[in-house]
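Here is the structure we will look at.
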Amino acid sequence: MKVITTIKEMQEEVLKIKSQGKSIGFVPTMGFLHEGHLTLIQNARKENDIVALSIFVNPLQFGPKEDFSTYPRDFERDRTLAEAEQVDYLFYPSVEEMYPSEPSVKVVVRDRIDVLCGKSRPGHFDGVATVLTKLFHIIMPTRAYFGKKDAQQVAVVEGLISDFNFPIELKAIDIVREKDGLAKSSRNVNLLPEERKQATVLYKSLMAAKQAIENGERNPSVVSEMIKEMIHGECTGEIDYVDIYSYPELKPLEKLDGRIIIAIAVKFTKVRLIDNLIMDIN
């Protein structure tokens with residue numbers, strides 16, 4: 001595995017790869033890798049000649065109340081994990097390398113951001129879209145891999161690739177779960193022991209909603225209320241939202257039809273957990 005810290009060298013390597021007709025699978029991350037990231041890398045490894053992983057904690061996507069400086073970082077651990085997964089290139093630029101001066105152009109996301117997690121994080125997805133635009137130009141991937149756990153981000157990236165005509169195939173990979181259904185996250189360690197037991201209700205409520213829809217329920221309000229009742233009944237956490245939208249457009253629905261997302265966010269004592277289910281309804 002080759003670790004590269006400059007844009008110039010990364011682009012030179014990419015041009016060599018492209019000249020050989022090889023495909024590039026790209027996994028963009030902010031580091032502190034966990035099993036979800038490794039699953040993305042494994043999918044990229046299966047489907048491409050070359051795998052490129054980026055680790056860059058992007059200051060543009062942090063809000064004023066979110067501390068960029070305390071975001072968890074452990075490069076040596078990440079490097080070891082990346083090598084074990086047979087990553088070919090690890091792109092690890094500094095902030096100064098990516099933003100040598102205040103950007104004169106930034107990407108502004110106008111759609112798919114005023115709901116779910118985006119409504120409480122103004123400007124966050126502008127920062128995501130701006131750094132991904134840079135990374136896509138630097139890496140020039142054949143395929144880019146993102147996890148469905150952050151389904152709103154996947155929806156925004158789908159819009160970015162489509163609107164800017166990037167010749168990139170977006171690969172959205174299923175949520176990695178614990179044996180009891182809880183979506184894997186580095187934040188799960190912050191759950192108190194009793195909260196960890198309770199947190200399984202997020203997935204259980206999504207499965208109950210899926211069953212209700214498969215049994216013919218088409219009223220979004222009925223489904224969302226059912227989920228809320230289950231969570232309130234089995235959990236001390238505070239519900240942030242239970243929302244149902246079209247996907248990836250993230251538009252409200254009067255009747256459940258087509259591809260939808262059911263998304264949940266619950267605040268526990270020290271952590272806020274998210275989960276979702278994307279399904280197609282005929």
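General observations
- Applying 0.36 nm per residue to the separation of Lys179 and Glu229 and subtracting their alpha-carbon distance, the gain on full extension is 15.6 nm.
- Helix 124-139 axis, angle to the chain major axis (alpha carbon atoms, nearest 10°): 40 degrees
- Net length gained if the chain between Val3 and Met30 were fully extended (0.36 nm per residue, minus Cα distance): 8.2 nm
- On Cα atoms only, tilt of 7-19 relative to the major axis of the chain in degrees: 90 degrees
- Amide H contacts of Ile173: Phe146, Gly147, Lys148, each under 5 Å away and 5 or more positions distant or on a separate chain (H built 1.01 Å from N in the peptide plane; Pro and chain starts excluded).
- Across the range 117-122, coupling constants 3J(HN,Hα) worked out from phi with the 6.51/-1.76/1.60 Karplus curve, θ = phi - 60°, read 5, x, 5, 9, 10, x Hz, and Gly and Pro carry x.
- Gaussian network model of the chain, springs between alpha carbon atoms under 10 Å - residue of Asn58, Asn43, Asn219 with greatest fluctuation: Asn219
- Positive-end ranking of Ile281, Val242, Met226 along the dipole of the range 186-281, with charges on Cβ about the Cα centre, is headed by Val242.
- Translational D in µm²/s for the chain (Stokes-Einstein at 37 °C, 0.692 mPa s, Kirkwood Rh from C-alpha pairs): 164 µm²/s
- Distant-in-sequence amide contacts of Val51, defined by a placed amide H-H separation under 5 Å and a gap of 5 or more residues or a different chain, comprise Gly25, Asp88, Tyr89.
- Förster radius 45 Å - calculated FRET efficiency between Gln211 and Glu102 (Cβ-Cβ, nearest 0.05): 0.30
- Most positive-pole-ward Cα, Ile264, Asn165, Ile7, against dipole of the chain from beta carbon charges: Ile7
- Two-decimal Rg to Rh for the range 1-119 - Kirkwood Rh, Cα set: 0.99
- Restricting the range 33-68 to GluC sites (Glu not before Pro) in coil, as DSSP defines it, with at most 14 other Cβ within 10 Å: Glu66
- In summary, the convex hull built on the alpha carbon positions of the range 129-282 has an orientation-averaged projected area of 10.2 nm².
- Taking the Cα centre of the range 91-139 as reference, the dipole from Cβ charges on Lys and Arg (+1) and Asp and Glu (-1) amounts to some 240 debye.
- Under a model in which nothing but the beta-carbon of Lys, Arg (+1) and Asp, Glu (-1) is charged, the range 169-233 shows a dipole of about 180 debye around its Cα centre.
- Note on the chain: with charges restricted to the Cβ of Lys and Arg (+1) and Asp and Glu (-1), its dipole about the Cα centre is near 160 debye.
- Against the main long axis of the alpha-carbon atoms of the chain, helix 220-234 sits at an angle near 90°.
- Helical contribution to [θ] at 222 nm, DSSP H n ≥ 4, -39,500 (n - 2.57), averaged over the chain, rounded to 500: -11500 deg cm²/dmol
None of the figures in this text is laboratory data; all of them are computed from the coordinates on show. As the structure is a prediction and not an experimental result, all values here were calculated from the model. For neighbour counting, all protein chains shown are included, and Cβ atoms are generated from backbone atoms with ideal geometry for every residue, glycine included.
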